[in-house]
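Working notes, structure below.
Computed from the coordinates by the stated procedures, all read-outs in this text should not be read as laboratory data. None of the values given here were measured: they were computed from a predicted structure. Ideal geometry is used to build each Cβ from the backbone, glycine not excepted, and the neighbour counts take in all protein chains shown.
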Amino acid sequence: MQPVASAPAPFRRVCIALNPVSGIVPDAEGAVRQAVSRYPHVEWDIRLTQGAGDATRFAREAQVNGCDLVIACGGDGTVMEVAEGVMNTNMPMSIIPFGTANVMSVELGFPADVERVIDGLVGGAAEARPVDMATIDNKPMMLRAGVGYEAEISVGASREEKRRFGRFAYMIAAWRKMRHLSPTTYAITIDDQQYAARGVTCMICNSASVGVPNLSFTGKADVSDGLLDVIVIPNLQVPSVVRVVWSILTSLRPKPKNAPEGIVHWQGKRVTVQTRHRQMIAIDGEPLKRGKRVSAQIIPHAITILIPRLAVTNTTTTPTPQVESAAS
């Protein structure tokens, strides 16, 4: 592959935290090395994760080592770990979406192709988007916490199923868990206001995306609005499922003023959810505990994610790169 001619760049050194077993990309490392080889004027520090917490450590070490950017290469778990490593700092991060669902990259409009991501960051322009995070029982969260059925689905899809079937692995897990499904009453406190809703699952969301472009549980959710979205799905009987699916589909239109039909929805900054019986609770697809209570608090604009724009199509010259703010 022909290198791109050197040009003034906002990044002199970039760390890539790469999960080599994430998702269904057969040779993730090879694909990344090929993409970055076109920019030899940038020093690329590609580090492979081997276990939980590695990407967080890489992100923290990148700040000490003088990197200008940390890129999470993998699925939402890798993205979450990198975010934890850079949250509440001046270090920006970006994403190469090599996972199964890639919810945050879909939410922000990332291209799926690694070369387009690298071209857009280094050889094009990048939008600097401030993104909220949250704490769930004092643990960092980027996407959402599920209580009940949604959590069972998230943790029920095995790595092998996700490798073989991609997104369909979650549908398989959903079908397996459905026969054990029973509604419960969620006692919910949001910014000192108390509510109750009966349903099969409750979600505390920073992102309400379902991992498909422009589709989400509610059109009101925004990862930069400084609010958590609390969603309860009442049941999975056919009429309710039809209403929920219709609500998700109509989120393609301008954001609705009222809660979508079939979904109970609130917004707030501090949230506590309690149930009478223990339920599975998961954070960003990873199991947290089986418990009766979980608390969350938003952290507004905790991280800055650079979203690649204007991918380079000329392989012989590079336009002067720039970083644009979300407000520009």
For this session: Filter the stretch 23-72 down to residues that are out of contact with any Ser or Thr (no Cβ under 6 Å at 6 or more places or on another chain) and part of a loop (DSSP other than H, G, I, E, B), then give me how many there are.
Result: 18
Exercise. Just to be sure, is D113 surrounded by fewer than 24 Cβ atoms within 10 Å (Cβ to Cβ), more than 15 Å from V14 (Cα to Cα) and of a type in the set (D, E, K, R)?
Worked result: yes
Exercise. Any idea which of A59, A112, A17, A101 is of a type in the set (A, V, I, L, M), without any contact (Cβ under 8 Å) to a residue 60 or more places away in the chain and under 22 Å from K139 (Cα atoms)?
Worked result: A59
Exercise. Given the structure, is C73 more than 11 Å from the chain's Cα centre (by Cα) and surrounded by fewer than 24 Cβ atoms within 10 Å (Cβ to Cβ)?
Worked result: no
